[in-house]
Amino acid sequence: MFRRILKYRSRRFPVLIKKIANYLNLFSDDMVNLIRRINQVLDKYDTKMTYFISTYLIENRPDYHEHFENHDFAPHGHLHLDYTIVGKKAALGDMKNSVLVFKKQNLDPWVFRAPYGLTKIGNNSEIFFEYEKKLGILYDSSIRAQNPPPHPVKHKCGVTSMPFIGITDDYLIDDLKLNNNNEILRRFAETLEFGKNGVLVYDMHPIRMGQAKYIEIFEGLIKKINQKRNYMLTSLKESFSNFSKKDEDETLVCFTGDIDNLSMIDYFKRFKVF
Ligand SMILES: [Zn+2]
């Protein structure tokens, strides 16, 4: 275990410093305001977000889900661990804790998204999906792919995954350092062709896209979707059931948003496990 921690630290340390710097930059607004701003845009276009939240954030805040209003929400791991390197016991334990927080608060953990979109436990993906099934979760949206398959992926164990597009706000803003809203919108709009005639799932983090300076990108993308022939905005939940019923030339588009921390203090709480 000690060697594993060393490996984690040495491998992730530069990433960690970069992420801390990014987050310090990002915490310009309260998460409740960021969520509200996103909800207002979605309500205007009559569509629903699915928020994925790391459950260490709501463990002691049983009413927090009320901020999601009529939008959907689901667990995003407990401590937002990298399941590929923390070891099988810690990874499965984290998934279980995450689901238990939902159940204790009488919330339905109907779908799951792995932290960082990494579904491998060690180097095995099947264990991850099998464990979701064991926890009673039949739907998943953890597979992150630059160019995802336009259809749901059915796993042997019976769990169905709706992969999401790897072109995300953190990729465009933090990694590529794009700072022109028109350019960011153009990059998002390009991805509308990825899942043509299938399903497209976007991961829009409220910590960025909910900010006053970026919300116009989010609304701009919705407008572009609405202008496209046979593109339909829908919720992630509906996409699982509507996929088999949709017309062949129809494209379903869903928005999801991961919430990994509510404040800088929360962000550091995640490291208590080490
Ligand atoms: Zn995350």
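The values are calculated or read from the model by the stated rules, or taken from the named source; none is laboratory data. On a predicted model such as this, the values are computed, not experimentally measured, just so you know. Reconstructed Cβ throughout: ideal geometry from the backbone, glycine too, with neighbour counts over all protein chains shown.
Just checking: which of the helices (runs of 4 or more DSSP H) contained wholly in the range 213-271 hold 3 or more residues that are buried (at least 21 other Cβ atoms within 10 Å of the Cβ) and in contact with a helix residue (DSSP H, G or I) (Cβ under 8 Å, 6 or more places away or on another chain)?
So the answer is 215-227.
Could you say which residue among Lys89, Lys120 is over 27 Å from Tyr171 (Cα atoms) and out of contact with any strand residue (DSSP E or B) (no Cβ under 6 Å at 6 or more places or on another chain)?
Selected residue: Lys89, the only one of Lys89, Lys120 that is over 27 Å from Tyr171 (Cα atoms) and out of contact with any strand residue (DSSP E or B) (no Cβ under 6 Å at 6 or more places or on another chain).
How many residues are out of contact with any Leu (no Cβ under 7 Å at 6 or more places or on another chain), in a helix (DSSP H, G or I), within 15 Å of the ligand (Cβ to nearest atom) and over 19 Å from Phe164 (Cα atoms) when one looks only at the range 75-125?
Residues in the range 75-125 being out of contact with any Leu (no Cβ under 7 Å at 6 or more places or on another chain), in a helix (DSSP H, G or I), within 15 Å of the ligand (Cβ to nearest atom) and over 19 Å from Phe164 (Cα atoms): 1 in total.
Within the range 175-228, take every residue that is without any contact (Cβ under 8 Å) to a residue 60 or more places away in the chain and within 16 Å of the ligand (Cβ to nearest atom) and give me the one that is nearest to Ser244 (Cα to Cα).
Applying the filter and picking the extreme gives Tyr202.
Has the range 126-134 got at least one residue that is within 16 Å of the ligand (Cβ to nearest atom) and modelled with pLDDT of 95 or more?
Taking every residue of the range 126-134 in turn, at least one turns out to be within 16 Å of the ligand (Cβ to nearest atom) and modelled with pLDDT of 95 or more.
Considering only the range 48-69, state which residues are out of contact with any Phe, Trp or Tyr (no Cβ under 7 Å at 6 or more places or on another chain) and assigned to a loop (DSSP other than H, G, I, E, B).
If the condition is that a residue be out of contact with any Phe, Trp or Tyr (no Cβ under 7 Å at 6 or more places or on another chain) and assigned to a loop (DSSP other than H, G, I, E, B), then Lys48, Ser54, Glu59, Asn60, Arg61, Pro62, Asp63, Glu69 are the ones that fit.
Which residue out of Leu57, Leu79 is touching a helix residue (DSSP H, G or I) at 6+ places or on another chain (Cβ under 8 Å), closer than 21 Å to Arg208 by Cβ and either surrounded by 17 or more Cβ atoms within 10 Å (Cβ to Cβ) or among the charged types (D, E, K, R) (or both)?
After applying the criteria, what remains is Leu57.
Tell me, yes or no, whether the range 68-89 has at least one residue that is among the acidic types (Asp, Glu), on the phi > 0 side of the Ramachandran plot and touching a residue at least 12 places away in the same chain (Cβ under 8 Å).
yes
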